[in-house]
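Reviewing the structure listed below.
The values are calculated or read from the model by the stated rules, or taken from the named source; none is laboratory data. Predicted, not measured: the structure shown is a model, and the values here were computed from it. Cβ placement follows ideal geometry from the backbone for every residue including glycine, while neighbour counts extend to all protein chains displayed. Calculation scope for accessible area: heavy atoms of the full protein, side chains included, ligands and nucleic acids excluded. Shrake-Rupley method; radii C 1.70, N 1.55, O 1.52, S 1.80 Å.
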Amino acid sequence: NSIIDVENLNLWYGESHALNEITLEIPEKQVTAIIGPSGCGKSTFLRTLNRMNDRIPNVRIEGSIVYDGINIYEGDIDVATLRKEVGMVFQKPNPFPKSIYENVAYGPRVHGVNDKTKLNEVVEESLKNAALWDEVKDRLDASAVDLSGGQQQRLCIARALAVEPKVLLMDEPASALDPVAMSKIEDLIYELKKNYTVVIVTHNMQEAARVSDYTAFFHLGELIEYSKTKKLFENP
Ligand code: ADP
Ligand code: ADP
């Protein structure tokens, strides 16, 4: 059962052909890893999935990405709604310079949740789902930027979860962290697939092998191989 269908996707930065005829189906409530050498188009591909490329000048896209029955590159699609459903977490944790609470409450407020009791519930639930609640429940008013790097990244995950996305895109979410924080994020990713579809970019093969169900291997803008991770990494 796929949730995003990518068909014959091509992307150019000016004259440079960065994605070449990518076709793949992203399975629902599974973890799909995008791997490959630096510069092969992993981040570019990830950003096409919620139109994060829209901000970059001279980008040209052909082909289709169908999410929830709609080609997101065709017609009048509401990009804000798309990004609510298809959330993004970046390599470098980027919490707002505000309190822990405000970081998580921000998205739901933007999307119309104003009732204080409801907001508190969403904040608690999101922090629990990001495996951060126990560490911060007594200091929700503390500044987010005073948390450790690993905690900041889990906060960014909680912030993304707070608007109830269906898909979570993660661009090297653990690679800026120390090994302990990294393994916490990896454990969390494994938990997240119970409720969400996760697409994670990583240059770390071991990480892909540990966290993902499916692996897509990119090389020079092309999809070279796409299969179950177990199959890709099994010994010949
Ligand atoms: P990866 O994530 O695999 O390291 P990227 O998607 O970042 O690869 O980059 C793929 C190719 O596209 C690289 O050659 C990179 O230099 C180029 N590229 C990425 N972003 C831009 C941009 N904003 N403008 C022009 N070229 C870009
Ligand atoms: P990463 O390896 O973490 O993806 P990069 O250093 O490739 O980061 O890219 C950082 C930023 O620079 C991104 O926003 C990317 O789009 C942009 N970028 C990358 N390559 C190019 C390029 N050749 N020309 C213009 N912008 C680029």
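Per the listing 46, 24, the residue uniquely within 30 Å of residue 230 (Cβ to Cβ) and not in a strand (DSSP E or B) is 46. Do we find that residue 63 is closer than 28 Å to residue 146 by Cα, part of a strand (DSSP E or B) and not hydroxyl-bearing (Ser, Thr, Tyr) in this structure? No; evaluated as a whole, the condition is false for this residue. How many of the residues in region 210-236 are assigned to a helix (DSSP H, G or I) and either open to solvent by 80 Å² or more (accessible area, probe 1.4 Å) or at pLDDT 95 or above (or both)? Total satisfying the criteria: 5. Among the candidates 136, 167, 163, 180, the residue that is open to solvent by 60 Å² or more (accessible area, probe 1.4 Å), more than 16 Å from ligand 1 (Cβ to nearest atom) and hydrophobic (A, V, I, L, M, F, W, C) is uniquely 180. If you check 66, 59, 86, 79 for being open to solvent by less than 60 Å² (accessible area, probe 1.4 Å), over 23 Å from residue 209 (Cα atoms) and within 13 Å of ligand 1 (Cβ to nearest atom), only one passes: 59. Cβ separations smaller than 8 Å between residues 6+ apart or across chains give the following pairs from region 16-42 residues that are over 11 Å from residue 216 (Cβ atoms) to residues that are near ligand 1 (Cβ under 8 Å from one of its atoms) and polar (S, T, N, Q): 18/44; 19/44. Inspect region 132-151 for any residue being of a type in the set (Phe, Trp, Tyr) and in contact with a Lys or Arg (Cβ under 8 Å, 6 or more places away or on another chain) and give the result as yes or no. No; the residues of region 132-151 include none that is of a type in the set (Phe, Trp, Tyr) and in contact with a Lys or Arg (Cβ under 8 Å, 6 or more places away or on another chain).
Residue 92 satisfies every condition listed in (1) without any contact (Cβ under 8 Å) to a residue 60 or more places away in the chain; (2) within 26 Å of residue 200 (Cβ to Cβ); (3) outside any helix (DSSP H, G or I) except (1).
Scanning region 89-105 for residues that are open to solvent by 40 Å² or more (accessible area, probe 1.4 Å) and either farther than 27 Å from residue 28 by Cα or in contact with a Cys (Cβ under 7 Å, 6 or more places away or on another chain) (or both) yields a total of 5.
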